[in-house]
């Protein structure tokens, strides 16, 4: 089994969207929650000022997984890092090293760019937690993810206090 990791290209937009939908299914989220489209992936990932980057894992020249990421910034470390937004490998290709190859490529990018850390979020029930631990990632139990979205952003923006 030959695993190759490559940079995503504009022509991969439909496949990236398919992987995002498959990830949502895996995470037991309704597909109606996915607002991404091929057009938004092209605009935001391959436009003039990309918001994210994406790598594709090919096994024997067939795309079987992806990792979508972007740079963040740590004031404490005074340098940027990588946040992995999505990592997905087709079920029948799991446990063959595909996910590790994708994250290994992310680690090489972090080193090449002198970035200080790689972070991601994982659902508490996801068995991938053991995979991440095996790679040396630490869970940060003292940190709780908080999110503000949709109309709640509007409400906060309108606040006069």
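What follows draws every value from the coordinates through simple rules; no lab data is involved. The structure displayed is predicted, hence computed values, not measured ones. Cβ coordinates were reconstructed from backbone atoms using ideal geometry, including for glycine residues, and neighbour counts include every protein chain displayed.
Apart from one condition, residue 103 fits all of (1) free of Cβ contacts under 8 Å to residues at least 24 places away in the same chain; (2) assigned to a helix (DSSP H, G or I); the exception is (1). Say we look at the stretch 10-28 and pick out the residues that are free of Cβ contacts under 8 Å to residues at least 12 places away in the same chain and under 16 Å from the mean Cα position of the chain (by Cα); which of these is surrounded by the most Cβ atoms within 10 Å (Cβ to Cβ)? Once the filter is applied, the top-ranked residue is 24.
The requirement of being in contact with a helix residue (DSSP H, G or I) (Cβ under 7 Å, 6 or more places away or on another chain), assigned to a strand (DSSP E or B) and under 30 Å from residue 39 (Cβ atoms) is satisfied by residue 86. Looking only at residues of the stretch 60-83 that are in a strand (DSSP E or B) and without any contact (Cβ under 8 Å) to a residue 12 or more places away in the chain, we find that the one that is nearest to residue 20 (Cα to Cα) is 62. The single condition among (1) farther than 25 Å from residue 145 by Cα; (2) under 14 Å from the mean Cα position of the chain (by Cα) that residue 95 does not meet is (2).
Can you say whether residue 135 is under 21 Å from residue 8 (Cβ atoms) and under 17 Å from the mean Cα position of the chain (by Cα), as far as the supplied structure shows?
Spelling it out, it is not the case that residue 135 is under 21 Å from residue 8 (Cβ atoms) and under 17 Å from the mean Cα position of the chain (by Cα).
For the stretch 106-140, the set of residues classified as in a helix (DSSP H, G or I) and in contact with a helix residue (DSSP H, G or I) (Cβ under 9 Å, 6 or more places away or on another chain) consists of 128, 131, 132, 134, listed by residue number. Are any of the residues in the stretch 89-97 closer than 15 Å to residue 132 by Cβ and assigned to a strand (DSSP E or B)? Within the stretch 89-97, one or more residues are closer than 15 Å to residue 132 by Cβ and assigned to a strand (DSSP E or B).
Residue count for the stretch 35-59, restricted to those that are part of a loop (DSSP other than H, G, I, E, B) and either surrounded by 14 or more Cβ atoms within 10 Å (Cβ to Cβ) or touching a strand residue (DSSP E or B) at 6+ places or on another chain (Cβ under 8 Å) (or both): 3.
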